Amino acid sequence: MANSGLIKDGWFCEVNDKSFPGQGLALKVDKVLYHSKSEFQDILVFKSSSYGNVLVLDGIIQATERDEFAYQEMISCIPLFAHKAPRKVLVIGGGDGGVIREVVKHSCVESVTLVEIDEFVIDLAKKYLPGMACAFDHHKVKVELQDGFQFLRDAATRERYDVIITDSSDPEGPAEAFFQQEYFELLNRALNDDGIVIAQASENVWLNLGYIQNLVKTARSVFPKARYCYTTVPTYTSGQLGLIVCAKNESVTLEHPVRSPTPEEQSQLKYYNPKMHTASFVLPTWAHHQIYR
Ligand code: SAM
């Protein structure tokens, strides 16, 4: 196990001058559970004093046991409830298992393919984040261990999906390609005609408005409809995480669900509800103008 240089005086500090210049986030560490480098990235898992076990990739917090549902539910439910009848779903990344756990809750979904580059993340999630990694053996789930970008290049000629969720890490390291135009083009090709894609847009309007503007512009150069929404997650540096949602067909309404959760589905959701869906697209005036002008 590598010595964790990411932890000082008992605190894990997330500092990233590119994405969050001049600010950071710190969590108090009870115990380091795992720290090593895989073929693709630096992986740290620690037990925090207030958020349960925490997964960190390349120094950036990916998920904590206490607040992960706010991210997993929103990135899954927004495209699934904006789609009339999603049957076939693709998840790119998502090795902690949280997104597939959410997707299999939807009774209309028949199959979910998860494409994760790093098997280590899956193994560690099963060991240290069992509440997230509980759907890998579900009968609807198929796991492919490979680069999601390459998978889509191949899949674009043979497979079509109703919903594609990119649950990747930040745009530094193995996930870099997911934030560029060619990726949006591959997503577009791999979608059914009424299909929807969603991806984490990494930043929030306070810190990286220019970045979001560019991402939405790139998405709009490929998709007739692209919208930015967000969820609140206290252990991401600014307490928020942006998501970009795109539809292949202009008539699809992304900002409002076209189906409501069944009572059974809603009983399993802690963050998402139809009002939250709509509210997540509402932006402060100045940010709205900058993003959609
Ligand atoms: N919720 C998270 C966050 O903070 O953004 C993302 C979680 S999930 C752990 C991100 C996953 O994307 C990681 O397991 C990482 O290995 C995977 N990933 C990164 N690049 C990838 C690629 N090129 N193909 C497939 N998976 C990739």
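Observations on the structure shown:
- Candidate set from region 89-143 (those that are within 14 Å of the ligand (Cβ to nearest atom), among the acidic types (Asp, Glu) and outside any strand (DSSP E or B)); member that is surrounded by the most Cβ atoms within 10 Å (Cβ to Cβ): Glu102
- Test: Phe20 is crowded, with 17+ Cβ neighbours inside 10 Å, of a type in the set (Phe, Trp, Tyr), in the same structural domain as His106 (by TED's automatic domain parsing) and touching a Ser or Thr at 6+ places or on another chain (Cβ under 8 Å): no
- Residue match in region 272-293 (condition: charged (D, E, K, R), closer than 21 Å to Asp167 by Cβ and either within 16 Å of the ligand (Cβ to nearest atom) or not in a helix (DSSP H, G or I) (or both)): no
- Among the candidates Ser49, Ser76, Ser19, the residue that is among the small types (Gly, Ala, Ser) and over 24 Å from Asn208 (Cα atoms) is uniquely Ser49.
- For Gly210, the stated conditions do not hold, so it cannot be described as surrounded by 14 or more Cβ atoms within 10 Å (Cβ to Cβ) and on the phi < 0 side of the Ramachandran plot.
Every residue, every condition in (1) of a type in the set (Phe, Trp, Tyr); (2) assigned to a strand (DSSP E or B); (3) over 22 Å from the mean Cα position of the chain (by Cα), yes or no:
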position: Cys13; (1), (2), (3): no, yes, no
position: Val29; (1), (2), (3): no, yes, yes
position: Ser36; (1), (2), (3): no, yes, yes
position: Arg66; (1), (2), (3): no, no, no
position: Ala70; (1), (2), (3): no, no, no
position: Ile75; (1), (2), (3): no, no, no
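- Here Val103, Val32, Val54 are screened, and the one residue that is in the same structural domain as Gly239 (by TED's automatic domain parsing) and closer than 20 Å to Met132 by Cα is Val103.
- Some residue of region 213-226 being within 20 Å of Val163 (Cβ to Cβ), aliphatic (A, V, I, L, M) and in contact with a Pro (Cβ under 9 Å, 6 or more places away or on another chain): no
- Val89 being in the same structural domain as Thr278 (by TED's automatic domain parsing), touching a Ser or Thr at 6+ places or on another chain (Cβ under 8 Å) and modelled with pLDDT of 95 or more: yes
- Only one of the numbered conditions (1) within 11 Å of the ligand (Cβ to nearest atom); (2) not assigned by TED's automatic domain parsing to the domain that holds Thr237 is not met by Ile75, and that is (2).
The values are calculated or read from the model by the stated rules, or taken from the named source; none is laboratory data. These numbers were taken from a predicted model, which means no experiment stands behind them. Using ideal geometry, Cβ is built from the backbone for each residue, glycine included, and neighbour counts are taken over all protein chains shown.
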